[in-house]
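No lab work stands behind these numbers, since they all come straight from the coordinates. Predicted, not measured: the structure shown is a model, and the values here were computed from it. Cβ coordinates were reconstructed from backbone atoms using ideal geometry, including for glycine residues, and neighbour counts include every protein chain displayed.
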Amino acid sequence: MKRWIYIVLLPLFVACETEIAYSGKETNPALVIEALPIAGVDTLVCYVNRSHFIVDASKSSPEELKNVSIDLSVSSGTCHIVSESVKGFLHYLKLSNPLPAGDTLRISVSHPDFPTVTAEEFILPKLEPTIETIVKDTDQNGRMEYRLSVALPDYPYADILVGIHSTAYLTNTCIGPHYDKEKQAVVGMDTTVRKLEYKVGIYSKDELFALSENRYILYYAAHYSTTDGYLFFRTGYPAGRKTQFTLNTGAKSKVESKDIMMTWVVDSMVVDLEVRSETYNLYRRSMQEYIEQRNEFSYAAGMSLEEPLLVYSNVENGYGILASQTHTKIVIKDN
């Protein structure tokens, strides 16, 4: 079947459209899956779609796949699918037991029109530290922050990437003048109360965080700081290792001007320790590089001279990713 590629030439060369017949090799469609198994969770969400060749017109509005069959097993044999519900491209698989840490998960997805795809991934256990002390303070700019001293547990696997991410939940109260438009005058004061959610800046001076994934900056003291909201470290540290890091809310407890007074109260802080498998890291890194290359190409004049980057996949006979991650959430109440 003859296909056509429509190329819009950039104004740098000529302002017109040229129709070119494509006669090269075509890639057959295959299944695309994505799932993030989490230890201790009894539901696995699996995204299932199909790939489309670059000149396939249907890729702009893909249809949901019917007659998809999913099989799942773990190396200990303690877990299987008991029910399944589908919403769009997402398959919610209810399991007989929570996914066991330390097991290898194997998943198989089939469809009558495509080759069966398979993937497997090791399920990482959680990392659950012990918070020894929490000190509430302010930085040099008066912004509220919390300094945490933490004892890290022994972890059975070395060189696993762990990211610390935190969110602050605050109550903001603003007292300011109420302006009456009809009278064109200030007639009193208004009080507005809002519940807000903020990403928290995280930093530390500990060499545990001396990784390429983190930034090293000179602020009011040299420290390692968050990249994309995470402060990373790797397991394999000595037994009994302790560390310190600071959560900065970015908000002052009180801000006053001539007409307005604003106060901020931290209701709670949620600290999330996310353990990521190397499969997950490779996938995210390759996806980020792929997106950056595409963005560079979209702004470039003419054709790219670079080889196209491939997104990492551990799926056989298809595309996508099966990658392990676990989360440990620590809630800090500001009493």
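Side notes on the structure shown:
- In this simple spin-label approximation, ALA210 and MET287 carry label points 7 Å from Cα along the Cα→Cβ vector, and these lie 3.2 nm apart.
- Förster radius 22 Å - calculated FRET efficiency between ASP228 and HIS52 (Cβ-Cβ, nearest 0.05): 0.15
- Taking amide H as placed 1.01 Å from N in the peptide plane, ALA30 has its amide H under 5 Å from the amide H of SER51, each at least 5 places away in sequence or on another chain.
- Filtered GluC sites (Glu not before Pro), the range 146-240: DSSP coil and at most 13 other beta carbons within 10 Å: GLU182
- Shown is the FRET efficiency for SER76 and ASP272, computed with R0 = 41 Å from the Cβ-Cβ distance and rounded to the nearest 0.05: 0.90.
- Compactness index (Cα Rg / 2.2 N^0.38 Å), the range 130-276: 1.36
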